[in-house]
Amino acid sequence: RPELRSQIAADFVGLVPDDFRKFVDGAGLSDVVNYLGYESHSGIVKRMSEADVLWLTIGKRPGADGISTGKLYEYFGARRPVLGLVPDGVAREDLIRYGAAEIADPEDIQDISRAIASMFDRVSAGSMAAPDDAFVRLFDRRRLAGDLAAMLNDAVDPESQS
């Protein structure tokens, strides 16, 4: 859907490899891709919370089914829609459970185009599913830190177990 081009932009924060920049230029996408450079973690969290859509790509390679990046859980915490270009595996399963995601095969251009158009339509119409709050809470940093503290306390003082 060529008409979407003028309404979509991709912002990349942080280090972007030169080979990716060359790919973007060669694909004729320079007009819709912005490189924003380094930003503090708090700045990135703010930017994520304000984004229309967050984008995650995990390429197909041996072991990709077990890859689940920390970025994915940061995205869940931002509670924003996620476009996941991911192979079958842990990340795909978590995106499905998250609920507010559109998923495509990372090597299938037609599937990626379909996912982008579908997400654009749903976000524009306000009909994107909301994240599953119970699932998102599983990854809350405070809860996880408390669980870890309890495990460490139990490890050093087994008598404290309830």
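Throughout, read-outs are computed from the coordinates displayed, never taken from laboratory work. For clarity, every value in this text was computed on a predicted model and none was experimentally measured. Quick reminder, even Gly has a Cβ in these numbers, built from the backbone with ideal geometry, and neighbours come from all protein chains shown.
The condition (being of a type outside the set (A, V, I, L, M, F, W, C) and touching a Gly at 6+ places or on another chain (Cβ under 9 Å)) is satisfied by just one residue among Gly77, Gly37: Gly37. Of the listed requirements (1) farther than 19 Å from Val86 by Cβ; (2) surrounded by 11 or more Cβ atoms within 10 Å (Cβ to Cβ), Trp55 misses just one: (1). If you check Ala130 against the conditions, is it hydrophobic (A, V, I, L, M, F, W, C), exposed (fewer than 13 other Cβ atoms within 10 Å of the Cβ) and not in a helix (DSSP H, G or I)? Yes. When Ala78, Ala125 are checked against the criterion of being among the hydrophobic types (A, V, I, L, M, F, W, C) and surrounded by fewer than 17 Cβ atoms within 10 Å (Cβ to Cβ), a single residue qualifies: Ala125.
Here is the figure for the range 24-57: residues that are under 22 Å from Pro131 (Cβ atoms) and not small (Gly, Ala, Ser) total 13.
Filtering Asp65, Asp111 for residues that are surrounded by 13 or more Cβ atoms within 10 Å (Cβ to Cβ) and within 30 Å of Glu3 (Cβ to Cβ) leaves a single hit, Asp111. Can you find a residue that is closer than 14 Å to Gly99 by Cα, part of a helix (DSSP H, G or I) and either touching a Leu at 6+ places or on another chain (Cβ under 6 Å) or not polar (S, T, N, Q) (or both) anywhere in the range 136-154? The answer is yes; a qualifying residue exists. For Tyr75, the conditions (1) out of contact with any strand residue (DSSP E or B) (no Cβ under 7 Å at 6 or more places or on another chain); (2) not in a loop (DSSP other than H, G, I, E, B) all hold with the exception of (1). Count of the range 140-162 residues, restricted to those that are surrounded by 11 or more Cβ atoms within 10 Å (Cβ to Cβ) and either in contact with a Gly (Cβ under 7 Å, 6 or more places away or on another chain) or aliphatic (A, V, I, L, M) (or both), is 2. Each residue in the range 50-94 was checked for being more than 14 Å from Met119 (Cα to Cα), touching a helix residue (DSSP H, G or I) at 6+ places or on another chain (Cβ under 8 Å) and hydrophobic (A, V, I, L, M, F, W, C), and 8 pass.
Restricting attention to the range 4-31, the residues that are within 19 Å of the chain's Cα centre (by Cα), in a helix (DSSP H, G or I) and either loosely packed, with under 11 Cβ neighbours inside 10 Å or among the β-branched types (Val, Ile, Thr) (or both) total 0.
Within the set Tyr75, Tyr98, Tyr38, the sole residue that is without any contact (Cβ under 8 Å) to a residue 40 or more places away in the chain and more than 16 Å from the chain's Cα centre (by Cα) turns out to be Tyr38. For the range 15-24, the count of residues that are under 24 Å from Gly77 (Cβ atoms) and touching an Asp or Glu at 6+ places or on another chain (Cβ under 8 Å) is zero.
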